[in-house]
Amino acid sequence: MTVQRLNSKSWPKKQPVANRILLWRHGQTDWNIANRFQGHSDIPLNEVGKFQVDHAAKILAPMKPTMIISSDLNRARNTAYALADLVKLEVGIDERLRETNGGNWEGKTGAENRAADLHNFVRWLDGDDIPAGGTGETRNQVAARASAAIEEALAGKDNQLLVVTTHGGTARCLLGHFLNLPYSHWTRIGGLSNASWSILGQSPVKGWFLAEHNAGSIPEPVYGEESGGELPDSVR
């Protein structure tokens, strides 16, 4: 039997260390509790929301984020600042990370929107690519503007943990976009609880992948990936 020995020149080239994106939803607001479509309306955190983001920030800080960017709306900015104060980072404010413009649905409860615009409201909830509230945005438009903000923040960088403080609808659009899911499947992604987060990892083989979803604790290592599933990228 011939044994082939590998020399250092035949080893695979070291890949750049990949980036991660942590999508963090803002804390609770009074409109969340009332089930009102917030959209671009600048609604502040309530007292529960302030507690939520302070608690979450203490969990996120040991993960050592390297950058923080945030929607310019009050509820997201103050969520971001709770973490920035702990990790001593500046917050990049970007209006492209705002929630979906809800058009004529903003400020109204789900029941009110069903009563006034049942056909279009249900179509939108089911995932049709129509503008929210007739005059608002489609989910594809939200994904385009928000993903551009993230891509600009990460351009030319590696080994980053980018915290993106944003909104529930925007986070769902970003997950659908970065995971290359068909648009019709975006509404199948479960929502984020207030002050919870999802993490996208990056792989030279898979591209972007979902590592954590709707989490409220430090991610646990994933053990047993070779016990019947795909081989991890490190051994391909």
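The values are calculated or read from the model by the stated rules, or taken from the named source; none is laboratory data. Since this is a predicted model, take the numbers as computed values, not measurements. We place every Cβ from the backbone using ideal geometry, glycine too, and count neighbours over all the protein chains shown. Side chains are part of the model used for accessible areas, which takes the heavy atoms of the whole protein and leaves out ligands, DNA and RNA. Shrake-Rupley method; radii C 1.70, N 1.55, O 1.52, S 1.80 Å.
Odds and ends about this structure:
- Qualifying positions in the range 188-208 - within 24 Å of Ala57 (Cβ to Cβ) and hydroxyl-bearing (Ser, Thr, Tyr): Ser193, Ser196, Ser198
- Considering residues of the range 24-52 that are open to solvent by less than 60 Å² (accessible area, probe 1.4 Å) and outside any loop (DSSP other than H, G, I, E, B) only, the residue farthest from Asp158 (Cα to Cα): Ala34
- Only one of the numbered conditions (1) in contact with a strand residue (DSSP E or B) (Cβ under 9 Å, 6 or more places away or on another chain); (2) buried (at least 16 other Cβ atoms within 10 Å of the Cβ) is violated by Asn74, and that is (2).
- Flag for Ala82 being at pLDDT 95 or above, assigned to a helix (DSSP H, G or I) and either closer than 30 Å to Ile130 by Cα or within 16 Å of the chain's Cα centre (by Cα) (or both): no
- Pro62 being out of contact with any Gly (no Cβ under 7 Å at 6 or more places or on another chain), modelled with pLDDT under 95 and either open to solvent by 20 Å² or more (accessible area, probe 1.4 Å) or within 21 Å of Leu200 (Cα to Cα) (or both): no
- Residue match in the range 197-211 (condition: open to solvent by 20 Å² or more (accessible area, probe 1.4 Å), hydrophobic (A, V, I, L, M, F, W, C) and under 16 Å from Trp24 (Cβ atoms)): yes
- Any hit, the range 171-186, residues being modelled with pLDDT of 95 or more, open to solvent by 10 Å² or more (accessible area, probe 1.4 Å) and among the small types (Gly, Ala, Ser): no
- Single match in Ile93, Ile150, Ile130 (criterion: open to solvent by less than 20 Å² (accessible area, probe 1.4 Å) and β-branched (Val, Ile, Thr)): Ile150
- Contact annotation: residue pairs with Cβ atoms under 7 Å, 6 or more positions apart or on different chains, pairing a residue in the range 53-69 that is assigned to a loop (DSSP other than H, G, I, E, B) with a partner that is at pLDDT 95 or above and open to solvent by 20 Å² or more (accessible area, probe 1.4 Å), are Pro65/Val87; Pro65/Leu89; Thr66/Gln160.
- Verdict on Ile69 being under 20 Å from Asn214 (Cβ atoms), of a type in the set (A, V, I, L, M) and either over 18 Å from the mean Cα position of the chain (by Cα) or surrounded by 16 or more Cβ atoms within 10 Å (Cβ to Cβ) (or both): no
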